[in-house]
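A short worksheet on the structure shown next.
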Amino acid sequence: YFGRGAARCRGASGVLTEGYDPQAGRCIPVGGELVTSTGKESRFVQDGTLIPEEFIEAGDQLVFKFPTWQWEAGEASRRASYLPAEKQFLITRNVPCKDRVRALDYVLDHKTRTEDEWLVPESLDGADGRAAGGELRDVDDLAGDPAAGSAAAEAETVGPIIVAQDDFLDAPAAGSGGDALPDFSDLDAQLADEDPAARAAGSRAGGGASSSSGTDGNAAGGYLVADAPDERVVRTRTYDLSITYDKYYQTPRLWLFGYDEHGKPLKPELVFEDVLSEYVEKTVTVDPHPLTGTPTVSIHPCKHSLVMKKVVQDWIEQGIAPRHDLAIFVFLKFISGIVPTINYDFTMDIEF
């Protein structure tokens, strides 16, 4: 790396500050900022890389299609001179992440099966209404099911409050010996007995002076006020995802900053729980964010251009003209395979 071509990697003082990669034709940073130029000639079709202008156009397309993504300027001292000051990186905030990757691995290993090259859910026999052979059972067959029979017997024991009758207009009146029409006054009394607020009001009414001296306005009105959390609100981890331009690899680079269920920042080892294990500490590392300086989990871009080049070749084989402004959409689609439980929106069909 320090052989032929290294002269171009020397600083103004003549000190070798960068290593030269003869295969890539670029300088490799040994320390400090990379000193090679970004270039102006597009190599998107040949190499799958982006020059800064193409990165900006791809980012504008992403922001246009998905307004949850926005451009950010970052810290002034950290801005790259080859990008517009107001378009240093892309960010989307509060992306939900409900499940850990290990939960997904368990489902794939234990609750799925392969059928005609498709991955389908595996269900227990009879648990979802299927027979042992995998066919749905007929409704009539459920009548002979012991479980269904016991449920029906229990329902008959309890009995409904109101029984529907085919000819309720000609039905015998109450006390005439037949099935009587329901007594709605009894129904109201029965419902009142089951109302805790009504019971509480009644007990206070019979409690004498002690109940009348209470200072709780709600209690005096016969209401119970309960402070309970909303059980339907599901608290999940969330992530701020940002995309920067990597000058050396000339590709987008994704950064993950996570928060727990209470909004507190996640430590890197906890963020790794949401990354496929085969990538942890290999292509997924912790580095200072280039525009904030905050240590952030990042997916290393060393293979990004290879994947993009393969996509471009597929487009050409299909007779589709490659478009660099769609590069970030493709980027987010294949990145989702590394962080499958972080639910950012990458589902848009790519339009040519």
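For segment 41-85, rounded, prolate or oblate, judged on the Cα gyration tensor with a ≥ b ≥ c (square roots of eigenvalues), a/c < 1.5 rounded, else prolate if a/b > b/c? Don't skip to the answer; put the middle values down first.
Values: a/c = 3.19, a/b = 1.22, b/c = 2.62.
Oblate is the answer for segment 41-85, as a/c is 1.5 or above yet b/c matches or exceeds a/b.
How do the peptides 242-252, 55-65 rank, highest first, by the average count of neighbouring beta carbon atoms within 10 Å per residue?
242-252, 55-65
If the reach is capped at under 17 angstrom between alpha carbons, list the lysines near LYS87, excluding any in the same chain fewer than eight residues apart.
Counting by Cα, and skipping residues close in sequence, LYS87 has these lysines nearby: LYS65, LYS247.
Starting from the Cα of ARG100, step 7 Å along the direction of its Cβ; do the same at TYR279; then give the gap between the two resulting points in nm.
Spacing of the two 7 Å Cα→Cβ label points: 1.9 nm.
What distance in nm separates the two pseudo spin-label positions at GLU53 and GLU86, each 7 Å out from Cα along the beta-carbon direction?
2.1 nm
Each reported figure results from applying straightforward, stated rules to the coordinates on display, with no laboratory input. Since we're looking at a predicted model, the values are computed, not measured. Note: ideal-geometry Cβ built from the backbone for every residue, glycine included; neighbour counts use all protein chains shown.
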